[in-house]
Amino acid sequence: DSGVTQTPKHLITATGQRVTLRCSPRSGDLSVYWYQQSLDQGLQFLIQYYNGEERAKGNILERFSAQQFPDLHSELNLSSLELGDSALYFCASSAGTSGGPNTGELFFGEGSRLTVL
Amino acid sequence: GEDVEQSLFLSVREGDSSVINCTYTDSSSTYLYWYKQEPGAGLQLLTYIFSNMDMKQDQRLTVLLNKKDKHLSLRIADTQTGDSAIYFCAETASGGSYIPTFGRGTSLIVHP
């Protein structure tokens, strides 16, 4: 158990809909990262938050947004969903003191599998 | 092109050694990692190496780094069926946010 909790584990929805994925980081970790894992793109970095502030942005679509709340949990919002958004979405956290992980170790949740029909 | 490349599949017999290879492009990489993903689970860090090291050994795992060729390998000695998983190579670059860039992962299949 990594200590990172993601909900829901599975989600099936239709094209055009909007979903919210939730992540609770390990106790004490200030950084949260979102990654998308798909068969054709591999593991793609989407966005990072550190202590409530956006720290880095990767290949995140404009239809997607995220935030980190004062209690450090994070939500990833996916809107106007398309078939190609079907993927496994991972949240990870780290203990970095300046926004980056000390040794690069990220602790991953089990992922939220999104299926868009 | 991808920053980190790995072969997609490796099949070995139980008890043999497995060698998973990875190449990366960023010459400023500071940390290089191997993560393991078991079915239905998230990624878990197996080991990492600093870019100023050539080798790191941890029980059955040996990591070799050839910085000149930007090549990283993970050797698993006495491979067991429980080692069957996807292995991801990742790197972070200096001067940035230290966010790991992952390869696509190598599926290791261990058969009796």
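The values are calculated or read from the model by the stated rules, or taken from the named source; none is laboratory data. Bear in mind the structure is a predicted one, so any value in this text is a computation, not a measurement. All Cβ positions, even for glycine, are placed from backbone atoms using ideal geometry, and neighbour counts span all protein chains on display. What goes into the accessible areas is simple: the full protein's heavy atoms, side chains included, and nothing from ligands, DNA or RNA. Shrake-Rupley method; radii C 1.70, N 1.55, O 1.52, S 1.80 Å.
Summary table below
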item: Subset tally (residues that are surrounded by fewer than 18 Cβ atoms within 10 Å (Cβ to Cβ) and within 25 Å of A:Asp1 (Cβ to Cβ)) for the stretch B:18-40; result: 3
item: Which numbered condition A:Ser112 misses (of (1) touching a Lys or Arg at 6+ places or on another chain (Cβ under 7 Å); (2) open to solvent by less than 20 Å² (accessible area, probe 1.4 Å); (3) at pLDDT below 95); result: (3)
item: Set B:Ile99, B:Ile76: member being open to solvent by less than 60 Å² (accessible area, probe 1.4 Å) and within 12 Å of the chain's Cα centre (by Cα); result: B:Ile76
item: Test result for B:Phe9, within 14 Å of another protein chain (Cβ to nearest Cβ), at pLDDT 90 or above and surrounded by fewer than 16 Cβ atoms within 10 Å (Cβ to Cβ); result: yes
item: Qualifying residue in the stretch B:54-63 (condition: within 22 Å of A:Gln48 (Cβ to Cβ), surrounded by fewer than 19 Cβ atoms within 10 Å (Cβ to Cβ) and touching a strand residue (DSSP E or B) at 6+ places or on another chain (Cβ under 6 Å)); result: no
item: Enumeration of residues in the stretch A:18-37 that are closer than 12 Å to A:Leu114 by Cα and open to solvent by 50 Å² or more (accessible area, probe 1.4 Å); result: A:Arg18, A:Thr20
item: Residue count, the stretch B:2-12 (criterion: of a type outside the set (Val, Ile, Thr), part of a strand (DSSP E or B) and closer than 14 Å to B:Ala85 by Cα); result: 3
item: The listed residue being open to solvent by less than 20 Å² (accessible area, probe 1.4 Å) and closer than 25 Å to B:Tyr87 by Cβ, out of A:Leu46, A:Leu78; result: A:Leu46
item: Residue within the stretch B:79-87 that is closer than 23 Å to A:Ala95 by Cα, within 11 Å of chain A (Cβ to nearest Cβ) and open to solvent by less than 70 Å² (accessible area, probe 1.4 Å) present; result: no
item: Close pairs (6 angstrom Cβ cut-off, 6 or more residues apart or separate chains): within 7 Å of another protein chain (Cβ to nearest Cβ) and in a strand (DSSP E or B) in the stretch B:31-46, open to solvent by less than 20 Å² (accessible area, probe 1.4 Å) and among the β-branched types (Val, Ile, Thr) anywhere; result: B:Tyr31/B:Thr92
item: Verdict on A:Asp40 being over 13 Å from A:Ser94 (Cα atoms) and either outside any strand (DSSP E or B) or open to solvent by 50 Å² or more (accessible area, probe 1.4 Å) (or both); result: yes
